[in-house]
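A short worksheet on the structure shown next.
Nothing in this text is a laboratory measurement; each read-out follows from the coordinates by a stated rule. These numbers come from a predicted model, not from an experiment. Every residue, glycine among them, receives a Cβ derived from its backbone with ideal geometry; neighbour counts consider all protein chains shown.
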Amino acid sequence: MKVNIGISEKKLEAVTEALQIVLANEVTLYTKTRKFHWNVCGESFMELHKLFENQYTQLEIAIDEVAERISKLGRKTVGTMEEFTRLTAIKEHPGKYPTSMEMIKELLDDHETVIVWLRKTIEHCSEKYEDAGTTDFLTGLMAEHETIAWTLRRYFN
């Protein structure tokens, strides 16, 4: 059934395309955080192991919420690794196993990349696409990433 929520079909399509990128970023960041959780070692092993677990758990919830937002707009979500890899702004480094501090720095950089992208997308959803629901949703998601980035940044201050 066609969605009739006061947003034109063209604008719904643009919002959905942006949300697909958000979803790809979340899945890629989730996967990277899981990898670091599995491979962290050294002096702060247990602290970082638990920190990364908490973060990938938050990302897992966000992934489901982004996919549900796309569905609420009457669209299907991408869902293959090929699609996520094509759409994501997050860089992966196969075969690389950074030190614990390099892991923290890499995740910090990734969360900041997501924050910058979300900020731009929020502006478009608000002003260009007139979608207050997605704007509000993405603002909450951005705040979650800002908190995670702040936590990671504290390891360097």
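Give the residues of the stretch 1-30 that are polar (S, T, N, Q) and without any contact (Cβ under 8 Å) to a residue 12 or more places away in the chain, sorted by residue number. If you could, list the steps in order and put the result at the bottom.
Step one: filter the stretch 1-30 for residues polar (S, T, N, Q), giving 4, 8, 16, 20, 25, 28.
Result: 4, 8.
Restrict the check to the stretch 87-99 and report whether at least one residue is among the hydroxyl-bearing types (Ser, Thr, Tyr), farther than 14 Å from residue 149 by Cβ and touching a Gly at 6+ places or on another chain (Cβ under 8 Å). First the steps, then the outcome.
The initial filter retains those residues of the stretch 87-99 that are among the hydroxyl-bearing types (Ser, Thr, Tyr), namely 88, 97, 99.
The next check asks that each one be farther than 14 Å from residue 149 by Cβ; those that pass are 88, 97, 99.
With the extra rule that they be touching a Gly at 6+ places or on another chain (Cβ under 8 Å), the set shrinks to 99.
Yes; the residues of the stretch 87-99 include at least one that is among the hydroxyl-bearing types (Ser, Thr, Tyr), farther than 14 Å from residue 149 by Cβ and touching a Gly at 6+ places or on another chain (Cβ under 8 Å).
Mind checking which pairs have a first residue in the stretch 85-103 that is surrounded by 12 or more Cβ atoms within 10 Å (Cβ to Cβ) and a second that is in a loop (DSSP other than H, G, I, E, B) and small (Gly, Ala, Ser), Cβ under 8 Å, 6 or more apart or different chains?
That search, which allows pairs on different chains as well, returns 100/42; 100/44.
Within the stretch 36-70, restricting attention to residues that are of a type in the set (S, T, N, Q) and farther than 12 Å from residue 104 by Cα, which residue is surrounded by the most Cβ atoms within 10 Å (Cβ to Cβ)?
Applying the filter and picking the extreme gives 58.
Need pairs with beta-carbon distance below 7 Å; first residue farther than 30 Å from residue 74 by Cα and within the stretch 127-156, second β-branched (Val, Ile, Thr) and in a helix (DSSP H, G or I); sequence gap 6+ or separate chains.
149/115; 152/104; 155/104
If residue 41 satisfies all but one of (1) within 22 Å of residue 119 (Cβ to Cβ); (2) outside any helix (DSSP H, G or I); (3) in contact (Cβ under 8 Å) with a residue 24 or more places away in the chain, what's the number of the condition it fails?
For residue 41, the failing item is (1).
Among what's in the stretch 1-17 and is aliphatic (A, V, I, L, M) and surrounded by fewer than 22 Cβ atoms within 10 Å (Cβ to Cβ), pick the residue that is nearest to residue 109 (Cα to Cα). Steps first, please.
First, the residues of the stretch 1-17 that are aliphatic (A, V, I, L, M): 1, 3, 5, 7, 12, 14-15.
So of that shortlist, the ones also surrounded by fewer than 22 Cβ atoms within 10 Å (Cβ to Cβ) come out as 1, 3, 5, 7, 12, 14.
Numbers: 1: 41, 3: 37, 5: 36, 7: 34, 12: 30, 14: 27 Å.
Within the stretch 1-17, the match that is nearest to residue 109 (Cα to Cα) is 14.
Within the bounds of the stretch 18-29, is there any residue that is charged (D, E, K, R) and either under 23 Å from residue 134 (Cα atoms) or surrounded by 13 or more Cβ atoms within 10 Å (Cβ to Cβ) (or both)? Please lay out each step first, then the result.
In the first step, residues of the stretch 18-29 are kept if they are charged (D, E, K, R); the result is 26.
Right, trim to either under 23 Å from residue 134 (Cα atoms) or surrounded by 13 or more Cβ atoms within 10 Å (Cβ to Cβ) (or both) and you get 26.
Yes, that holds for at least one residue.
Taking the condition touching a residue at least 60 places away in the same chain (Cβ under 8 Å) and assigned to a loop (DSSP other than H, G, I, E, B), does residue 106 pass? I'd like the intermediate steps shown before the answer.
Working: touching a residue at least 60 places away in the same chain (Cβ under 8 Å): yes; assigned to a loop (DSSP other than H, G, I, E, B): no.
When the stated conditions are applied, residue 106 does not pass them.
What is the number of the single condition among (1) crowded, with 16+ Cβ neighbours inside 10 Å; (2) in a helix (DSSP H, G or I); (3) among the hydrophobic types (A, V, I, L, M, F, W, C) that residue 143 does not meet?
(1)
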